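Participant: Can you keep this structure in mind? I'll have questions shortly.
No lab work stands behind these numbers, since they all come straight from the coordinates. Since the structure is predicted, the reported quantities are computational estimates derived from the model, not experimental observations. Cβ placement follows ideal geometry from the backbone for every residue including glycine, while neighbour counts extend to all protein chains displayed.
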Amino acid sequence: MVENDFDTALHEREGIEQPAQVNPYLQKRKRRELSVDEYVDGILRGDRVILSRAITLTESLNPEHQKMAQDVIERCLPHSGKSLRIGITGVPGVGKSTFIEAFGSHITSVGKKLAVLAIDPSSERSKGSILGDKTRMEQLSTDPNAFIRPSPSGLTLGGVARKTRETAILCEAAGFDVIIIETVGVGQSETVVKSMVDFFLLLMLAGAGDELQGIKRGIMEMADGLVINKADGDNVHPAELAKTRYQSALHLFPKNENGWSVPVATCSAIEHTSIDKVWEMITDFEQHTRSNGFFEKNRNEQNVKIFYDWIDFTIKNNFFNNPDVAKKIEELLPKVLEGNITPYQAGNAVVDEEKGC
Ligand code: GDP
């Protein structure tokens, strides 16, 4: 039998020769753990490797890592908040990744550093994720002024949102000027993204029946700007028609508190046309809301919401992790199922258990 001086994942059976490892130098080296100081210094220096490791730390379920991650975030917080945060949504196939690739390159070409994060609730439900695969945004991922991080997986939407907020803080502390948070237009994740960005962009398509996408789900009401993508080739005219129709539809919505009239633009992500107009739209919005105080007000309101959400989360988390509560639930659940106790009585008994009654 061949003596191996490196680890192998192959099961070793007596008498059977182990095949040679293709590249023994590819063994997993255990990385040295970093201290909180090293994380913070690295992030503030803009070191992407350390930034990535810090994000991974925030996503770890290990309580020690969690504690450390919270310390890192706390220390990065005073250096955060300076970026422009843009949310981008649209149904699958609308061209989000193609658009972000083109739009992102435009942003870096005007001298800004860009981070692209994703909120993809599909990675919670199934193993597959709509947004997270590595082949997306290939060009942007090689841009030295862009940083792309897929959605954290295996968490509830609330959990994904929390981690994405933390990631945004770390990216801001690392000096990123613009943060794009992308989500798929298939559910509640838009509301979550809206609650953490300064500008919310809805990508749409022109075409049969498409004019109503987003309107039904109320997403259009959340948008600060609408962009009709794929305005190229034979689709230029339909895109212009759709633009007019959306503009009329938007007139029916109540006026925004911030005094901003939601603009509609067309672009072609694939041909890179009018991408600069979208950037202009967003910088106009920033200027408008900064000068009338709504930029700051929106962020303050978002913080108040996070504050309450966090209280809500912590209380529930502590409650359900209380062993007495868990025991009581286990005891009463069969009775609820069998109809031997009302759900209200059982619920009260569980709550009383936590209070120690
Ligand atoms: P996502 O699912 O929203 O991220 O959409 P993708 O970026 O993956 O694009 C879906 C399909 O639409 C791909 O085949 C793209 O090549 C195509 N696509 C994206 N943007 C444009 C565009 O501006 N014009 C045209 N003609 N096709 C586009």
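Participant: Extending each Cα 7 Å along its Cβ direction at Glu221 and Asp312, get the distance between those two points in nm, one decimal.
Facilitator: A separation of 1.8 nm, rounded to one decimal place.
Participant: When a/c is below 1.5 the answer is rounded, else prolate if a/b is larger than b/c, else oblate, so apply that to region 230-298 with a ≥ b ≥ c taken from the square roots of the Cα gyration tensor eigenvalues.
Facilitator: Oblate.
Participant: Mind sorting Ile270, Ile88 by how few other Cβ atoms lie within 10 Å of their own Cβ, fewest first?
Facilitator: Neighbour counts put them in this order, fewest first: Ile270, Ile88.
Participant: Another question, then. Using a 10 Å cut-off around each Cβ, can you sort Arg85, Arg75 from fewest to most neighbouring Cβ atoms?
Facilitator: Fewest-to-most ranking of Arg85, Arg75: Arg75, Arg85.
Participant: Same structure again: Strictly over 32 Å apart at the Cα level, which of Lys163/Lys297; Lys255/Lys316; Lys112/Lys316; Lys243/Lys305; Lys112/Lys163; Lys113/Lys316 would you flag in this model?
Facilitator: The answer is Lys255/Lys316; Lys112/Lys316; Lys243/Lys305; Lys113/Lys316.
Participant: Based on DSSP, what percent of beta bridges with both residues in region 81-291 are antiparallel, to the nearest 5?
Facilitator: Of the beta bridges lying entirely in region 81-291, close to 5 percent run antiparallel.
Participant: Rank the residues Arg32, Arg162 as a footprinting-exposure proxy: fewest other Cβ atoms within 10 Å of their Cβ go first.
Facilitator: With the fewest neighbours first, Arg32, Arg162 line up as Arg32, Arg162.
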